Amino acid sequence: MKRDLLSIQDLSGGELQNIVDSAIHLKALREAGTDHALPRKCTLGMIFEKASTRTRTSFEVGMFELGGHALFMNPNDMQLGRGEEVRDTARVLSRYLSLIMIRSYLHETAVELAGYAEIPVINGLSDREHPCQILADIMTMKEEFGTTEGLRVAYIGDSNNVCNSLLLAAPLAGYEMAVASPEGFLPDDDIVTQAERTGARFDITTSPKEAVSGADVIYTDTWVSMGSETEHDARIRAFAGFTVDEALVQHAQDGAKVLHCLPAHRGEEITGPVMDGPSSLIWNQAENRLHAQKALMMMLLE
C-alpha cells in the first residue's frame, strides 16, 4: 500500500526518528564518498507552483545521488496550466513516475493529488505545512544536541506553514515549543487544537523575550512569504520588535542555537551577525534538506 507525506503527522514518532537516523547515515556516506543507491531505477516528478531553491535542488540532487532521475514540472508547461483537473494529472503521472513531489499554494491541491495518485506524493510545501523542512530541522537539532527529547524550541515571527509543522512534530520528536507572534499572526485554531490533541507541549505568546527564555533553539522565518508581497509594509510594521538579533539570543539558554529555513531577509526577521555568528546552524540546516529528502524518498519507495 502506498504512503504519502502530506503532513508531518503522517509519520509516527518511530518513523520520523528512522528517517532522521537514515539521513545522518546517508550524510556520512556522502562525506566518505560512498554511494547508496535505490534497489531499482526510480523517477521523481517535481511539480512547482511556487518558486524554490532548496526544495528543488535537494530533491533533484537527492534522487540523482540515489541512482534515479528527477523531472522539473512547471504547471504552466503542463496541461494543469490549461485547465486539466488535478485528478486527471495524478492518474496519468502515476503511470510514468515512481514518486511525485508538489510545492503548491493550496494544501488541498496536494491532498487531491495524493487522493488520485497511485504512487507516493510528497508535500514539498503548501500553505498549511512544510513537513520536508521539519525533517531537516529535527535532523539538525539531533546532530547538535544528540537528541531532540526535552529541547525547548522557540519560534519567533509569522505563524506560517513552517511553524505549523514544527508544532505538529513536537510530540513526535519530544521537544516542547514556544511560539511568539504579534496579534493577528498567531497559530490558527485548528492547528492549535490538533497539536493539543496529539500531546504537543507548547506555549503561545506575543512576547519574543518570553518565548526564548530557557530556549535551546530559536527558530525564525521570513515575515513576508510568497503570495504576501502586497502586505510587505504592513507586515514590517506588525512585526516590529520580533527580529532575532544578538540581544534576543542573550535571553535564551547559554549555547542556544539559531535556525532559519531560508530565504532570509537580513535586518527584518533576523540580523546578519546572528545568521553568520557562532549560534547559527542555518547552513547545516540548509544542507540537511538534501539528506533528509533522500531518506524520505527511500522510505516511501521501500
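Brief remarks follow.
- Oblate is the label for segment 223-295, because a/c, from the alpha-carbon gyration tensor with a ≥ b ≥ c as root eigenvalues, is 1.5 or above and a/b does not exceed b/c.
- The chain: angle of helix 13-31 to the longest principal axis, Cα-based, in degrees nearest 10: 80
- Ranking of Phe185, Phe64 by count of other Cβ atoms within 10 Å, fewest first: Phe64, Phe185
- If you model segment 133-285 as an ellipsoid using its alpha carbon gyration tensor, with each semi-axis the square root of five times an eigenvalue, the axes come out at 21, 19, 14 Å, biggest first.
- Loop-located GluC sites (Glu not before Pro) across segment 79-180 with a Cβ neighbour count of 12 or fewer within 10 Å are Glu85, Glu118, Glu149, with loop assigned by DSSP.
- Cross-link partners of Lys2 among lysines (Cα-Cα below 20 Å; sequence separation of 8 or more within a chain): Lys41, Lys294
- Spin-label pair Ala32/Asp190, simplified geometry with 7 Å Cα→Cβ offset, distance in nm: 4.6
- Pair Phe64, Gln253: separation of 7 Å Cα→Cβ label points (nm): 3.8
- Overall form of segment 240-279: oblate. Here a/c, set by the Cα gyration tensor axes a ≥ b ≥ c, is 1.5 or more, and a/b is not larger than b/c.
- Counted residue by residue at 0.36 nm each, then reduced by the alpha carbon distance between them, the extension gain from Asp77 to Trp283 reaches 70.9 nm.
- Net lengthening on full extension, Thr43/Arg3 (0.36 nm per residue, minus Cα-Cα): 12.8 nm
- The calculated 222 nm mean residue ellipticity attributable to helices in the chain amounts to -12500 deg cm²/dmol, summing -39500 (n - 2.57) over DSSP H runs of n ≥ 4 and dividing by all residues.
- A crude spin-label estimate for the pair Glu143 and Asp233, with each label 7 Å from Cα along the Cβ direction, gives 4.1 nm.
- Potential lengthening between Asp245 and Thr57 on full extension [0.36 nm per residue; Cα-Cα distance subtracted]: 64.8 nm
Values quoted throughout were computed directly from the atomic coordinates according to the rules given, and no laboratory measurement underlies them. These numbers were taken from a predicted model, which means no experiment stands behind them. Methodologically, a virtual Cβ is constructed for each residue, glycine included, from the backbone with ideal geometry; neighbour enumeration extends over all protein chains shown.
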